[in-house]
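J.: Quick one: the structure is below, and I'll ask about it shortly.
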Amino acid sequence: MRKLIYRGEELLELRPWQKSALVRSRREIDGIFLEALGGRGKTIATMAIIQEKKAERVLILNNKTAILNGWEKDAQELNLGYPVSFTVKTDKWLRAKTKALREAEKELKTLRKKIGVQKLYRQNTRYVELRENVKQLKAELDFDVLVIDEWQDMCSNQTCKDYLHIQRKYTIGLSATPIRRKGENFYPLEKTFFKTQEPSNRQEWLFKWGTLVYDSYSATKAKWKDFADYESYIAQLDNRGNFMCCEEIENVEQAVLNNGFPKELYLKRVSIPEKNKEKLKSFRKFNVLGVNGDYVMGKGSMSNKHTERLLMQAEVVIEDGKLTVDDTKISPVMEMAGGMLERSFNRKEGLTGGVVVVCESKRVAKTMYEHFKGNSLGLWTGDKQIDHLNSANLIATAKVMGTGVDGLQYRFDTMIVFDPKQEGSGEYNDYRQLHWRISGARQQHKVNIVEVIYIEE
């Protein structure tokens, strides 16, 4: 019989799918992966499994501090009926610990060979120091349960190698969108959570489950393109592992689209700043941008993408050799969004909830805030928060809004997106999660999504 979980004095009742996940955790395998959509309650399901395993030492990893802050809060508020020590850290913390461990073990091995005679080890001060250091580092990486949150952001080759240094009895994986690199990251997923891979050899795994493309200059260099049949792969993965896919969870919940509420999508065509039209064409052609006699050069695809974004969304200047937003002026897209914010301030035109404006650029977000602040407007970027948890309206960056943020579905009925993503792009999974902040399984009322389309002519 399951023990009870309390949040303060409130007794928490598990949802049907959370109960199913709890039963699944009893399989004779040392891990589980939960692919649950935003708002389904992955945190409570995780806590129930931790309780089931009677875990006393738990490590929770994520690469976003905003999400980890939520885990810290839950760890403090939730009562599992017995003392649990939660260690909530980033992948950078793990990287530093495992690097220190590897270096200490390498030096210890070298020193052992150099000393040669075992009875002399204890007489060597450095050897004793290293041995104690290794012992301490291993103790710091020893847990009952490891929780890896947002797997899609936590599956780099190096991070997956770092997981091997964590001693644990059980591993829990969480994500609404676990796929990265078109699914190639499922190869390390199998070993990380289920301690097995089928086939075990990476190249054989690629050939068995994927569609591959070949280098025109070398037939032996095949690269992963996509799963040959994702549904078949997931079905067999669950049979030999413990992968609870979102379709199964939604079926258990008997879920309806967007929680039964309407979701309206609007495409808003907005001109880019007049001065920037020729600048944008010239930059794309020559990879050089000139503003008021100053020049910057494109430095790669990511840098160029950022430059084009600023040219579409803001008046710009060059300061200290870098392109930035002219925060004394507002652009057409800012003016459009600002108008909707002001109407929301006054609760006109039938708006029942607030408006959240989401963009990629911190400078764009901050400039908008300075022009339209007041009337319960908050700001939330990676380095700046102003009344972001309580304001009726909000300007935020996609990076802080996209994952692990709860409660927004109650505050906002309109989301304006400055940087929408196309289905099929490598960024679309993150973009879906952004939508789920106020819609999907967590939707509480009618929701309006306004996606901006920029007119360049």
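The values are calculated or read from the model by the stated rules, or taken from the named source; none is laboratory data. Just so it is clear, the model here is predicted, and its values are computed rather than measured. Positions of Cβ are backbone-derived with ideal geometry, glycine not excepted, and every protein chain shown enters the neighbour counts.
J.: Read through the list (1) crowded, with 17+ Cβ neighbours inside 10 Å; (2) without any contact (Cβ under 8 Å) to a residue 12 or more places away in the chain, then give the number of the only condition that residue 427 fails.
T.: The failed condition is (1).
J.: Let me ask something else. Would you check if residue 88 is under 25 Å from residue 160 (Cβ atoms), in contact (Cβ under 8 Å) with a residue 24 or more places away in the chain, hydrophobic (A, V, I, L, M, F, W, C) and assigned by TED's automatic domain parsing to the domain that holds residue 18?
T.: Numbers: under 25 Å from residue 160 (Cβ atoms): yes; in contact (Cβ under 8 Å) with a residue 24 or more places away in the chain: yes; hydrophobic (A, V, I, L, M, F, W, C): yes; assigned by TED's automatic domain parsing to the domain that holds residue 18: yes.
So residue 88 fits the description; yes.
J.: Out of 139, 55, 66, 100, report the one residue that is of a type in the set (Gly, Ala, Ser) and closer than 30 Å to residue 385 by Cβ.
T.: Values: 139 fails: closer than 30 Å to residue 385 by Cβ; 55 fails: closer than 30 Å to residue 385 by Cβ; 100 fails: closer than 30 Å to residue 385 by Cβ.
Only one candidate qualifies: 66.
J.: I need the full set of residues from segment 36-69 which are among the small types (Gly, Ala, Ser) and crowded, with 19+ Cβ neighbours inside 10 Å, in order please.
T.: 36, 38, 39, 41, 45, 48, 55
J.: Which of the residues that make up segment 238-256 are closer than 17 Å to residue 39 by Cα and over 23 Å from the mean Cα position of the chain (by Cα)?
T.: Of everything in segment 238-256, those that are closer than 17 Å to residue 39 by Cα and over 23 Å from the mean Cα position of the chain (by Cα) turn out to be 251, 252, 253, 254, 255, 256.
J.: Also: In segment 150-188, which residue that is under 11 Å from the mean Cα position of the chain (by Cα) and among the aliphatic types (A, V, I, L, M) is modelled with the lowest pLDDT?
T.: Result: 176.
J.: For segment 106-162, name all the residues that are touching a Phe, Trp or Tyr at 6+ places or on another chain (Cβ under 6 Å), crowded, with 18+ Cβ neighbours inside 10 Å and outside the structural domain of residue 186 (by TED's automatic domain parsing).
T.: 127
J.: Identify, please: which residue in segment 1-35 is of a type in the set (Val, Ile, Thr) and more than 25 Å from the chain's Cα centre (by Cα) and is, among those, surrounded by the fewest Cβ atoms within 10 Å (Cβ to Cβ)?
T.: Checked segment 1-35; the qualifying residue surrounded by the fewest Cβ atoms within 10 Å (Cβ to Cβ) is 23.
J.: Which one of these is assigned to a strand (DSSP E or B) and crowded, with 16+ Cβ neighbours inside 10 Å: 450, 364? Give the steps one after another, and end with the answer.
T.: Details: 364 fails: assigned to a strand (DSSP E or B).
When all the criteria are applied, what remains is 450.
J.: Right, next: Would you mind telling me which numbered condition in (1) buried (at least 22 other Cβ atoms within 10 Å of the Cβ); (2) among the β-branched types (Val, Ile, Thr); (3) over 23 Å from residue 65 (Cβ atoms) residue 395 fails?
T.: (3)
J.: Do we have any residue at all in segment 371-382 that's charged (D, E, K, R), modelled with pLDDT under 85 and either exposed (fewer than 15 other Cβ atoms within 10 Å of the Cβ) or not in a strand (DSSP E or B) (or both)? Before you say what the answer is, go through the steps one by one.
T.: Going residue by residue through segment 371-382, those that are charged (D, E, K, R) are 373.
Add one more test, that the residue is modelled with pLDDT under 85, and what stays is none.
No, segment 371-382 contains no residue that is charged (D, E, K, R), modelled with pLDDT under 85 and either exposed (fewer than 15 other Cβ atoms within 10 Å of the Cβ) or not in a strand (DSSP E or B) (or both).
J.: Sticking with this one: In this structure, is residue 409 touching a Lys or Arg at 6+ places or on another chain (Cβ under 6 Å) and at pLDDT below 80? If you could, list the steps in order and put the result at the bottom.
T.: On the way: touching a Lys or Arg at 6+ places or on another chain (Cβ under 6 Å): yes; at pLDDT below 80: yes.
Yes.
J.: For segment 348-361, how many residues are modelled with pLDDT of 75 or more and not in a strand (DSSP E or B)?
T.: Within segment 348-361, the subset modelled with pLDDT of 75 or more is 353-361.
Keeping just the survivors that are not in a strand (DSSP E or B) gives 353, 360-361.
Total meeting the criteria: 3.
J.: Limited to segment 383-399, what total is found for residues that are hydrophobic (A, V, I, L, M, F, W, C) and either in contact with an Asp or Glu (Cβ under 8 Å, 6 or more places away or on another chain) or in a loop (DSSP other than H, G, I, E, B) (or both)? Can you show your working first?
T.: First pass over segment 383-399, keeping only residues hydrophobic (A, V, I, L, M, F, W, C): 386, 389, 392, 394-396, 398.
Now restrict to residues that are either in contact with an Asp or Glu (Cβ under 8 Å, 6 or more places away or on another chain) or in a loop (DSSP other than H, G, I, E, B) (or both): 389, 392, 398.
Final tally of qualifying residues: 3.
J.: Identify, by number, the condition in (1) modelled with pLDDT of 90 or more; (2) surrounded by 15 or more Cβ atoms within 10 Å (Cβ to Cβ); (3) not charged (D, E, K, R) that residue 344 doesn't meet.
T.: Here residue 344 meets the rest and fails (1).
J.: Oh, and also: Restricted to segment 412-456, and to residues that are among the charged types (D, E, K, R) and at pLDDT below 80, which residue is farthest from residue 376 (Cα to Cα)?
T.: Just the residues of segment 412-456 that are among the charged types (D, E, K, R), to begin with: 413, 419, 421, 423, 427, 430, 432, 437, 442, 446, 451, 456.
Next, only the ones that are at pLDDT below 80 stay: 423, 427, 430, 432, 437, 442.
Details: 423: 34, 427: 31, 430: 28, 432: 27, 437: 20, 442: 24 Å.
Residue satisfying both the conditions and the ranking: 423.
J.: Follow-up. Being more than 31 Å from the chain's Cα centre (by Cα) and either among the aromatic types (Phe, Trp, Tyr) or surrounded by 11 or more Cβ atoms within 10 Å (Cβ to Cβ) (or both), is that true of even one residue in segment 266-273?
T.: The answer is yes, given that some residue of segment 266-273 is more than 31 Å from the chain's Cα centre (by Cα) and either among the aromatic types (Phe, Trp, Tyr) or surrounded by 11 or more Cβ atoms within 10 Å (Cβ to Cβ) (or both).
J.: List, please: which pairs have Cβ atoms under 7 Å, are six or more places apart or on different chains, and start with a residue in segment 438-457 that is farther than 25 Å from residue 314 by Cβ and end with one that is among the basic types (Lys, Arg) and part of a loop (DSSP other than H, G, I, E, B)?
T.: Between residues of segment 438-457 that are farther than 25 Å from residue 314 by Cβ and residues that are among the basic types (Lys, Arg) and part of a loop (DSSP other than H, G, I, E, B), the close pairs are 441/40.
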